[in-house]
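The values are calculated or read from the model by the stated rules, or taken from the named source; none is laboratory data. Computed from a predicted structure; not experimentally measured. Every residue, glycine among them, receives a Cβ derived from its backbone with ideal geometry; neighbour counts consider all protein chains shown.
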Amino acid sequence: MPQYPKKELAQLVIQLCVINEIENVVISPGSRSAPLIIGFVNHPKINTLSVVDERSAAFFALGMAQQLQKPVALLCSSGSALLNYYPAIAEAYYSNIPLVVISADRPKHLIDIGDGQTIRQENVFANHILFNANLKEIRSNTFEKDLKDNEIFIKSALKIAKEKSGPVHINVPFDEPLYEVVDELIVKIHKEEEKLKNSLLDEIPLEVDELQKYADVWNATSKKMVLLGTCFPDKMIQTQLDHIIKDPSVLVLTETTSNVYHNRFINSIDQLIFPLNDAELKDLQPDILLTFGGMIVSKKIKQFLRKLKPDNHWHIDKFNSPDTYHCLSHHFQVSPQLFFSQFFFLTEQKESEYQKKWIDIKSERKRKHNIFLEAAEFSDLQSFEIIFNTLPDHVHLQLSNSSVVRYAQLFDIPLSTEVFCNRGTSGIDGSTSTAIGAAYVQDKQTVFLTGDISFFYDSNALWNKYLKNDFRIILINNSGGGIFRFIPGPKTSNALEYFETPHQLNAANLCEMFDVDYCKAENKTELEINLKSFFKKTEKPKLLEIFTNAEKNDIILKDYFISL
């Protein structure tokens, strides 16, 4: 027989979560949250998962929501436990990932009086949250009013999480006793909720006459650049960009995390831009810049477009309009899919050499890229080439931040590969946990490619019983923060060791502790041999640690860009 928490407020939260299609709740252990834990664990429509470390739990849930494209709930006890969610909440906020954060709290009369495990939890994420539902205790003398007020708060939070695709916070105060249960629900929610809507069919199309004005400018322009940031794999977007590239006046720039592919897209932006002189950069300058998708990795394209601004910068997004290049002139507040489905009926191709010229330069860059890699010493750069040449078809690839995602930008990723990275805040702190969460809800094999600092920083991610046997980690260990040897600044100071975090750690003992198979490679031959069997089915998750020389990496990468 199922058990229900006696607390009416817990019953209300749980039932509204179920009605609003919350299916997964990631729980970190605690006592103040007992009424909610008991209720969620006993509900047949809720899949509950237990992850001890709250910071890791939050990124694990974020990885799940990233892939499911619908809200995943988090539940923790009161006090500092809640604060550990903040890095993942900020990432969800800037990456438009729906997280429902549910925190148990002390009642108001116990706040700031010296009671244990108590902080000011209301509105604690105010700067990076879409909605705060600060619930209040349900009192016997105002039962119906308190119940209704709380119901409105909870409904609003759940609606916003889905429709605006971002994090919300529901703070739930409980007084003791916490563990009492009942056989039947006291709180009855009679009205069946409407299904929340969030699809193309629910969008309001743009006004055609207004859109025509922009189409006229587009049709008269011979240098148009489409720049796509982070994007969830989408067949419609792929088809629409396949169409737009037919226009010779359009140049499409993508990133590794854009998840679209075409031989006429510029998919290695830094590779193209880095060697250009001032006259060539001026020639690349677009008259119209059309952007959509999430955050852009390439610093070079940001510097270029901020210096040589287009006459028009149009951004397409249902919610956000970041002025990344300091020249935003219009925000089309719809999804890219709807925008292009309307816009294409109004556009005409324009004769131009703009696309062809830069595709030819891309081909020349690729030729020089291949020549350099054939002769290069073993390094981070060569490791990436070997890895990407060996990846099986149809894998789900998760990248950590810093050097890893930037190196990945220099290579062609297999066309069937889906690529993700926490680019909302670009932090290294939860990449492993995110990858494990994404893998948990994936049918495809997940491969996580990471650097050493990011991996060791989030090592508690492996303290997780939901690692799938086909989960694979490729760890590039260059003994500490290699990116700080390449970017200008740190090496000119006398404090380099405080930037790049030098260390002599390896992952062997961590793998033994968490029951993950371990292998390593210290040269090209060992790497190629290990990768031959690395992706095959095993009874455990597996980690391959690649050791490279930090000082050589720095020199080789600089020589690589010079060679272009």
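Computed values, structure above
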{"read-out": "Subset of the stretch 343-370 (residues that are surrounded by 15 or more Cβ atoms within 10 Å (Cβ to Cβ), touching a helix residue (DSSP H, G or I) at 6+ places or on another chain (Cβ under 6 Å) and under 25 Å from Met236 (Cβ atoms))", "value": "Leu346, Thr347"}
{"read-out": "Residue in the stretch 414-453 that is farthest from Asn477 (Cα to Cα), counting only those that are of a type in the set (Val, Ile, Thr) and touching a Ser or Thr at 6+ places or on another chain (Cβ under 6 Å)", "value": "Val419"}
{"read-out": "Those residues of the stretch 260-292 which are touching a helix residue (DSSP H, G or I) at 6+ places or on another chain (Cβ under 6 Å), under 25 Å from His331 (Cα atoms) and assigned to a loop (DSSP other than H, G, I, E, B), in sequence order", "value": "Val260"}
{"read-out": "Tally, over the stretch 33-88, of residues that are basic (Lys, Arg) and assigned to a helix (DSSP H, G or I)", "value": "1"}
{"read-out": "Matching residues in the stretch 391-405 - criterion: being outside any loop (DSSP other than H, G, I, E, B) and modelled with pLDDT of 95 or more", "value": "His396, Leu397, Gln398, Leu399, Val404, Val405"}
{"read-out": "Residues (surrounded by fewer than 24 Cβ atoms within 10 Å (Cβ to Cβ) and at pLDDT below 95) located in the stretch 46-79", "value": "Gly79"}
{"read-out": "Filter result for Ile102 (closer than 25 Å to Glu23 by Cα, assigned to a strand (DSSP E or B) and not charged (D, E, K, R))", "value": "yes"}
{"read-out": "Long-range neighbours under 7 Å by Cβ, at least six apart or interchain, first residue assigned by TED's automatic domain parsing to the domain that holds Val18 within the stretch 34-46, second of a type in the set (S, T, N, Q) and at pLDDT 95 or above", "value": "Gly39/Gln11; Phe40/Thr48; Val41/Thr48"}
{"read-out": "Matching residues, the stretch 541-562, being in contact with a Lys or Arg (Cβ under 6 Å, 6 or more places away or on another chain) and assigned to a helix (DSSP H, G or I)", "value": "Asp554"}
{"read-out": "Filtered residues of the stretch 1-39 (kept if buried (at least 21 other Cβ atoms within 10 Å of the Cβ), hydroxyl-bearing (Ser, Thr, Tyr) and farther than 20 Å from Pro71 by Cβ)", "value": "Tyr4"}
